[in-house]
Amino acid sequence: MSHTTREKTKLINRVRRIRGQMEAVERALEDEKGCADVLQLIAGVRGAINGLMAEVVEDHILLHVADHDLAQEQRNEGAAELIDVVRAYLK
């Protein structure tokens, strides 16, 4: 079972909160709020996305890289997947 399946409800709730934050950014732009207000909202969204990413990365490490019950080939594959995702995320 995938960790995203085990933690599905928690992760979906986080995504829904992020969606709400993005809607707040949209409303602020539509209402022509000040730059500082919009920037503060964007910073909140970025923090929420980073938190979501950190949670999924942590679970991936624990279940697909550091789990000693996995064969070395599976652990290597999990590490390679993680490296690819982190590289894309940091661009």
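Points to keep in mind about this one:
- In degrees, nearest ten, helix 35-64 long axis to first principal axis of the chain (Cα): 10
- Region 29-91: GluC sites (Glu not before Pro) in DSSP coil with no more than 12 other Cβ atoms inside 10 Å: 32
- The angle separating the long axis of helix 72-90 from the principal Cα axis of greatest extent in the chain is about 20 degrees.
- Computed over protein heavy atoms with a 1.4 Å probe, the accessible surface of the chain works out to 75 Å² per residue.
- Within the accessible area of the chain (1.4 Å probe), percent carbon and sulfur: 56
- Other residues lying with their Cβ under 12 Å from the Cβ of residue 42 contribute a combined charge of 0, Lys and Arg counting +1, Asp and Glu -1.
- Seen against the Cα atoms of the chain and their longest principal axis, helix 8-30 is set at about 30 degrees.
- Debye equation applied to the C-alpha atoms of the chain, log10 I(q)/I(0) at 0.13, 0.19, 0.23 Å⁻¹: -0.57, -0.91, -1.11
The values are calculated or read from the model by the stated rules, or taken from the named source; none is laboratory data. Not measured: the values here are computed from a predicted model. No Cβ is skipped: glycine too gets one built from the backbone with ideal geometry, and neighbour counts run over all protein chains shown. When the accessible area is computed, the model is the full protein with side chains, heavy atoms only, and any ligands, DNA or RNA have been set aside. Shrake-Rupley method; radii C 1.70, N 1.55, O 1.52, S 1.80 Å.
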